[in-house]
Amino acid sequence: MSTDASMSATISCDVLVVGGGAAGLSAAAAAADRGASVVVVERDHELGGILNQCIHNGFGLHRFGEELTGPEFAARDVARVEAAPQVEVLLDTTVLSIGEGRAGRHDACVVGAACGLAHVDCGAVVLACGCRERTRGQINIAGGRPAGVLTAGTAQRLCNCDGAMAGREVVILGSGDIGLIMARRMTWEGAHVICVCELAAEPGGLRRNIVQCLEDNGIPLHLSTTVTQVFGGTRLTAVELADVDPATMRPIPGTERRVECDTLLLSVGLIPENSVAKTAGVRIDRATSGPAVDQSLATSVPGIFVAGNELHVHDLADYVSEEGEQAGANAADHALRLAAGVAPSAEKGVEFEVCRGDGVGSVTPQRLDPTCGEAVVRLRTRERMADAQIAIRCGDTPIRRVRRRVVVPSEMQTIRLTSDDLAKVDGPVTVSCGPAPAKAAPKGGASE
Amino acid sequence: MSDAQVLSLTCVQCPMGCLLEVTLADGEVVSVTGNTCPRGRVYGEHEATHPERVVTSLVVVAGDYHPVSVKTAAPVPRELVADVLAAIRATVVRPPVTAGDVVVADVCGTGVNVVATKSHD
């Protein structure tokens with residue numbers, strides 16, 4: 001867009017972090033530790049992101065050795081950022097677009113309560129926008145538009161941050177962890193959760209949540225069931241459920257039945273929040289819906305990095321923080337080299353594509369540079385499998401094989417490749433998952 | 001006269017979700033089967049005799065519609081979860097609240113405090 005310097009202020013810094021949630025906070029702290037000046041742009045009125053509404057416990061077991069609630073986990077990183085003098089935080093501020101700046105830098109157009117319409121001129125960017133929820137419109141539930149149909153995350157925010165109950169007689173569609181957590185939350189705060197319905201033949205969330213959210217509270221779980229229609233004028237009065245044919249994943253005609261309720265919560269998938277990434281021309285991976293990256297978390301646009309749920313929807317906040325630290329440190333290094341006049345193209349080696357093989361639904365990074373240190377490979381398998389082996393190959397050469405007692409799609413797998421592993425890469429790499437070959441020795445629980 | 005009981009439980013320690021069978025006599029664990037690792041046995045013993053849960057909830061703050069999130073500082077007996085939630089619901093805190101502040105001391109006689117998990121000015 002055209003800019004008239006006198007009409008909007010420009011803020012200059014080394015690293016712009018878009019998003020002040022788990023990934024953004026870690027990125028900002030890591031970039032500051034590397035000596036960079038940092039601006040964090042956060043659209044909400046406070047830092048912390050989605051952690052602020054996740055008041056249940058279970059966070060931080062790997063990172064802190066304790067089970068914290070979401071707000072407690074966030075508070076630790078917020079404290080680090082607030083204590084760092086080189087980090088400026090802009091709250092109630094949104095990034096509208098990111099474009100090219102002068103001399104290899106980036107120019108972000110932002111709008112916010114304090115700064116009005118402004119520009120941030122930076123050497124590098126860390127995208128940490130998190131993800132958004134799939135909505136009713138995207139899954140085509142028929143019926144009018146009565147109040148009472150909302151995503152599980154919206155109901156969570158209303159309840160846990162605003163002290164408001166979305167409804168009292170609740171049906172939940174989707175047995176992923178968010179749906180299960182909200183089944184317990186609504187029950188514990190006084191609502192009646194009638195049932196949780198799940199399209200697939202197996203529940204999507206962790207066993208621990210099935211037990212502690214559904215079984216503890218006597219909430220029935222209906223597998224291979226979906227919601228086909230909603231009823232009500234101004235307010236929801238009932239939903240129509242139907243059995244689903246596992247072979248086609250479509251509702252079976254004749255199995256429809258009505259369930260009276262005043263609230264339908266949808267927990268039907270998370271999608272990386274990639275709108276700002278697209279304004280910057282960053283290439284998006286269809287499998288993750290997030291930007292495609294190399295092992296340094298660099299996107300296809302030099303100087304733009306990404307971490308957290310925007311890159312790849314995670315299930316452990318601990319890994320989001322780890323990713324944020326990595327992206328923040330690399331963004332700082334990029335920005336400081338740029339400021340010192342080192343040409344960015346000088347350090348880029350040859351990169352090879354990482355392909356998804358059998359049994360793998362999504363994987364990051366999507367590119368590997370064999371000369372560039374280590375690589376943290378994170379993937380989700382397509383289905384539940386016991387006695388599995390995850391194999392990373394370059395052509396016929398095995399790079400790394402790991403056995404797992406069990407893999408499930410709802411738990412992201414992490415494999416850390418060393419520079420010795422990467423030295424064997426001289427072509428495209430395939431990551432696959434299949435049954436582990438029989439072992440002669442007693443079965444062990446080999447894990448990273 | 002010993003009173004034998006067999007409980008079926010799903011272990012939640014890892015995604016295996018092993019189906020455990022815990023045999024009790026006079027309320028004491030006699031055996032755990034179905035686990036494929038030692039953690040499963042420990043979980044089965046504990047869950048069959050003294051199932052416990054950490055309770056997380058919200059407490060009203062006087063003069064504000066935004067609640068403060070709270071948790072029990074340690075797990076409480078599962079059979080008392082409803083009573084603990086009722087005790088929390090009956091509580092109103094006065095601001096300012098700092099994360100870690102005790103909101104309900106020794107909730108329902110469990111010896112466990114309910115503490116704030118975020119700060120509220």
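The values are calculated or read from the model by the stated rules, or taken from the named source; none is laboratory data. Note that this is a predicted model, so its numbers are computed, not measured. Cβ atoms come from the backbone with ideal geometry, glycine included; neighbour counts cover every protein chain shown.
Miscellaneous remarks
- Filter result for residue B:6 (of a type in the set (Val, Ile, Thr), free of Cβ contacts under 8 Å to residues at least 40 places away in the same chain and in contact with a helix residue (DSSP H, G or I) (Cβ under 6 Å, 6 or more places away or on another chain)): no
- Elements of the type strands (runs of 3 or more DSSP E) sitting completely within region A:379-439 and holding at least 2 residues that are within 14 Å of chain B (Cβ to nearest Cβ) and over 23 Å from residue A:295 (Cα atoms): these cover A:385-394, A:397-407.
- Within region A:152-179, residues that are free of Cβ contacts under 8 Å to residues at least 12 places away in the same chain and in a loop (DSSP other than H, G, I, E, B) reach partners that are among the hydroxyl-bearing types (Ser, Thr, Tyr) and surrounded by fewer than 21 Cβ atoms within 10 Å (Cβ to Cβ) with beta carbons closer than 9 Å, at six or more positions or on different chains, in the pairs A:162/B:65; A:163/B:65; A:164/B:65.
- Any hit, region A:347-366, residues being more than 14 Å from chain B (Cβ to nearest Cβ), at positive phi, crowded, with 20+ Cβ neighbours inside 10 Å and over 20 Å from the mean Cα position of the chain (by Cα): yes
- Residue check: residue B:50 meets all listed conditions (1) within 13 Å of the chain's Cα centre (by Cα); (2) more than 11 Å from chain A (Cβ to nearest Cβ); (3) crowded, with 20+ Cβ neighbours inside 10 Å but one, namely (3).
- Residues of region B:74-88 satisfying the condition of being within 12 Å of residue B:103 (Cβ to Cβ) and either surrounded by fewer than 16 Cβ atoms within 10 Å (Cβ to Cβ) or within 10 Å of another protein chain (Cβ to nearest Cβ) (or both): B:84, B:88
- None of A:328, A:361 is within 30 Å of residue A:21 (Cα to Cα), modelled with pLDDT of 95 or more and either polar (S, T, N, Q) or part of a helix (DSSP H, G or I) (or both) except A:328.
- Hits in region A:21-61 (condition: farther than 25 Å from residue A:185 by Cα and in a loop (DSSP other than H, G, I, E, B)): A:34, A:35, A:36, A:37, A:42, A:43
- Identity of the residue in region A:139-172, under 20 Å from residue A:194 (Cβ atoms) and polar (S, T, N, Q), that ends up nearest to the other protein chains (Cβ to nearest Cβ): A:156
- When region B:1-33 is filtered for residues that are more than 14 Å from chain A (Cβ to nearest Cβ) and either under 23 Å from residue A:408 (Cα atoms) or assigned to a loop (DSSP other than H, G, I, E, B) (or both), the ones remaining, listed by number, are B:1, B:2, B:3, B:26, B:27.
- Once region A:81-109 is narrowed to residues that are touching a strand residue (DSSP E or B) at 6+ places or on another chain (Cβ under 9 Å) and assigned to a helix (DSSP H, G or I), the residue that is farthest from the other protein chains (Cβ to nearest Cβ) is A:81.
- Counted as qualifying within region A:186-298 are the strands (runs of 3 or more DSSP E) with 1 or more residues that are surrounded by fewer than 21 Cβ atoms within 10 Å (Cβ to Cβ) and over 28 Å from the mean Cα position of the chain (by Cα), namely A:192-197, A:225-232, A:236-245, A:257-260.
- Among (1) in a helix (DSSP H, G or I); (2) at pLDDT 95 or above, the one test that residue A:119 misses: (1)
- Only a single criterion out of (1) in a helix (DSSP H, G or I); (2) more than 21 Å from residue B:6 (Cβ to Cβ); (3) at pLDDT below 95 is not satisfied by residue B:65, namely (1).
- All positions within region A:124-140 that are of a type in the set (Val, Ile, Thr) and at pLDDT 95 or above: A:125, A:126
- Condition met for residue B:42 (of a type in the set (A, V, I, L, M, F, W, C) and at pLDDT 95 or above): no
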